[in-house]
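Asker: Would you mind keeping the following structure in view while I ask a few things?
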Amino acid sequence: MPRPSASFSTALLLFCLLLRPLPLPAVEELKAEFDAVCGKTHNALNLSAAEINELIGRCDALKPRLEKLGPERGTERKVFLQRLKMCREFYAFALSTKEENCP
Amino acid sequence: MKKSLFFTLFLLLLTGLALAQTGLKKRRPLPHEYGRVELNNFSEKAGRAPVVFDHWLHRAKFTCRLCHVDIGFAMQAGSTGIAAADNERGYYCGACHNGRTSFAACSTKDQPATGTCDRCHSAGKKVTRHYDFRAFTEKLPRGRFGNGIDWEQAEAEGSITPVDFLAGVSIKREALTPQKDFDLTAKVAGMPEIIFSHQKHTVWNGCELCHPEIFLGVKKGKTQYSMTEIYEGKYCGVCHSSVAFPLIDCQRCHIKPVR
């Protein structure tokens with residue numbers, strides 16, 4: 001039986017690495033970022049437009065990372081995407097409110 | 001022959017009337033039934049009875065915000081799609097029903113019969129409720145409609161202290177910045193104006209439960225809506241037709257005398 005080439009073995013290893021469940025610290029990291037980003041909704045109306053824009057940007061950056069969570073992390077994906085949606089929409093709402101009041 | 005024909009027609013008429021009644025008139029829920037939600041995304045498929053969720057018990061202990069923002073329950077019954085696996089991982093019902101904070105949520109079909117499954121999966125079953133509505137609400141201030149409880153008064157006087165933070169789920173936030181109350185002009189002439197209390201609503205709801213999904217604009221007059229739409233379950237009707245005091249309690253909102 002011919003031995004697989006080194007490049008094939010590397011590709012297979014990479015494929016397996018991609019398929020494996022996201023390790024726990026990675027999920028915890030996402031949760032920490034979620035907490036940091038969405039922990040300011042209570043005072044969003046007191047933030048500057050630039051600060052709110054930055055938070056919206058971080059929400060948009062977090063979304064695809066949550067979407068990438070595999071089926072074994074389906075619950076976390078569902079819960080945090082829903083919570084992120086509410087938080088992002090509220091920041092957008094706060095921003096439009098600020099712009100309306102101080103055009 | 002004539003008699004039996006007459007009797008059959010009479011019976012058909014009665015049946016028709018009975019059906020017409022149920023079709024036309026919606027029975028007003030009893031105080032303990034008000035805010036009750038039945039959830040059956042996966043229950044029957046998994047061989048369990050649908051879940052009967054009573055808002056009155058949960059709202060006496062937790063704020064609306066905690067469950068609908070921090071835990072992530074959608075505002076429309078059944079749209080969250082809660083699965084047993086979600087509860088098992090400590091999300092949704094499992095955030096509290098974990099055997100530590102409260103009795104454990106029933107997770108798998110083969111779970112030993114601990115008796116806890118029936119406490120929620122109880123639709124169509126004769127289950128003795130752990131919390132008796134009458135006994136539980138006995139000392140709470142009375143309301144005219146809905147659960148027959150003035151929940152707002154109960155919270156204000158400290159008869160209930162709804163929890164707004166759940167360790168491991170909620171985010172540690174700064175205290176909420178109070179927003180100003182405002183009045184809304186009623187569309188019908190002679191109808192008292194509405195005083196909308198942001199203060200009272202934020203105690204229960206926080207910000208993002210209402211904005212922007214239910215109320216798009218914060219500027220007075222930006223979100224235009226009518227009582228018809230509210231009765232259809234939109235805007236104020238999202239909560240005030242199902243869980244919070246119902247719309248027939250007019251004077252709770254229309255309180256400012258017409259100038």
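Laboratory data are not the source of any read-out in this text; all were calculated from the coordinates shown. In this text the structure is predicted, and so the values were computed from the model without any measurement. Here Cβ is always computed from backbone atoms with ideal geometry, including for glycine, and neighbour counts include all displayed protein chains.
Asker: What does the average come to when, for each residue of peptide B:81-90, you count the partner chain Cβ atoms lying within 10 Å of its Cβ?
Answerer: Shielding by partners across B:81-90 averages 2.
Asker: Antiparallel DSSP bridges in the protein assembly as shown: what percent, to the nearest 5?
Answerer: The antiparallel fraction comes to roughly 90 percent.
Asker: Now, a different point. Could the peptides A:47-56, B:55-64 be put in order, highest first, of the mean number of other beta-carbon atoms found within 10 Å of their residues?
Answerer: By packing density, highest mean first, the sequence is B:55-64, A:47-56.
Asker: Please find the FRET efficiency linking B:Val258 to B:Ser159, where r is the Cβ-Cβ separation and R0 is fixed at 41 Å, and quote it to the nearest 0.05.
Answerer: After rounding, the FRET efficiency stands at 0.75.
Asker: Rounded to two decimals, what is the ratio between the C-alpha radius of gyration of the range A:22-101 and 2.2 N^0.38 Å?
Answerer: 1.16
Asker: For a test of the definition: using alpha carbon positions, the gyration tensor, and the 1.5 limit on a/c, classify chain B as rounded, prolate or oblate.
Answerer: It is oblate, given that a/c is not under 1.5 and a/b is not larger than b/c.
Asker: Lysine pairs in the range B:174-259 with Cα distance under 16 Å, only those 8 or more apart or on different chains: how many are there?
Answerer: Taking the range B:174-259 as the scope, the lysine pair count is 7.
Asker: Which net charge results for the neighbourhood of A:Leu66, defined as the other residues with beta-carbon distances under 15 angstrom from its beta-carbon, given Lys and Arg at +1 and Asp and Glu at -1?
Answerer: +3
Asker: Here's another thing I want to ask about it. Give me the one-decimal nm value for the distance between modelled label points at B:Val37 and B:Phe182, 7 Å along each residue's Cα-to-Cβ direction.
Answerer: Once both label points are built, they end up 2.8 nm from each other.
Asker: Please order A:Tyr91, B:Tyr92 by the number of other Cβ within 10 Å, starting at the fewest.
Answerer: The most exposed by this proxy come first: B:Tyr92, A:Tyr91.
Asker: To the nearest whole number, what is the average tally of beta carbon atoms from other chains within 10 Å of the beta carbons of peptide A:74-82?
Answerer: For this peptide, the per-residue mean of nearby foreign Cβ atoms is 5.
Asker: Ignoring everything except DSSP H segments at least 4 long, calculate the 222 nm mean residue ellipticity for the protein assembly as shown; use -39,500 (n - 2.57) per segment, divide by total residues, nearest 500.
Answerer: One gets -11500 deg cm²/dmol as the mean residue ellipticity at 222 nm.
Asker: How much length is gained if the chain between B:Lys125 and B:Gln251 is pulled fully straight, taking 0.36 nm per residue apart and subtracting their Cα-Cα distance, in nm to one decimal?
Answerer: Once the chain is fully extended between B:Lys125 and B:Gln251, it gains 41.6 nm.
Asker: Contour minus end-to-end for B:Thr101 and B:Ala189, with contour as 0.36 nm per residue of separation and end-to-end as the Cα-Cα distance?
Answerer: Contour length minus the Cα-Cα distance gives 26.6 nm.
Asker: Let me ask you something else. Just checking the output field for A:35-44: average partner chain Cβ neighbours within 10 Å of each residue's Cβ?
Answerer: Across A:35-44, the average partner-chain Cβ count within 10 Å equals 5.
Asker: Strictly under 4.7 angstrom between C-beta atoms: which cysteines of chain B have no such partner?
Answerer: Isolated Cys, chain B: B:Cys64, B:Cys67, B:Cys93, B:Cys96, B:Cys120, B:Cys207, B:Cys210, B:Cys236, B:Cys239, B:Cys250, B:Cys253.
Asker: Length gain on complete extension for the stretch B:Lys139 to B:Arg28, per 0.36 nm per residue less the alpha carbon to alpha carbon distance?
Answerer: So the chain would gain 37.6 nm between B:Lys139 and B:Arg28.
Asker: Mean projection of the alpha-carbon convex hull of the range B:28-172 over all orientations, in nm²?
Answerer: If you wrap the Cα atoms of the range B:28-172 in a convex hull and average its projections, you get 9.3 nm².
Asker: Here's a follow-up. Relative to the compact-globule scaling 2.2 N^0.38 Å, provide the ratio for the alpha-carbon radius of gyration of the protein assembly as shown.
Answerer: 1.23
Asker: For the range B:28-172, what is the charge dipole size about the Cα centre, in debye to the nearest 20, if Lys and Arg each add +1 at the Cβ and Asp and Glu each add -1 at the Cβ?
Answerer: 240
Asker: For a bin width of 5 Å, list the pair-distance distribution of the range B:174-259 built from all Cα-Cα distances, rounded to whole %.
Answerer: 3, 13, 22, 30, 21, 8, 3, 1, 0
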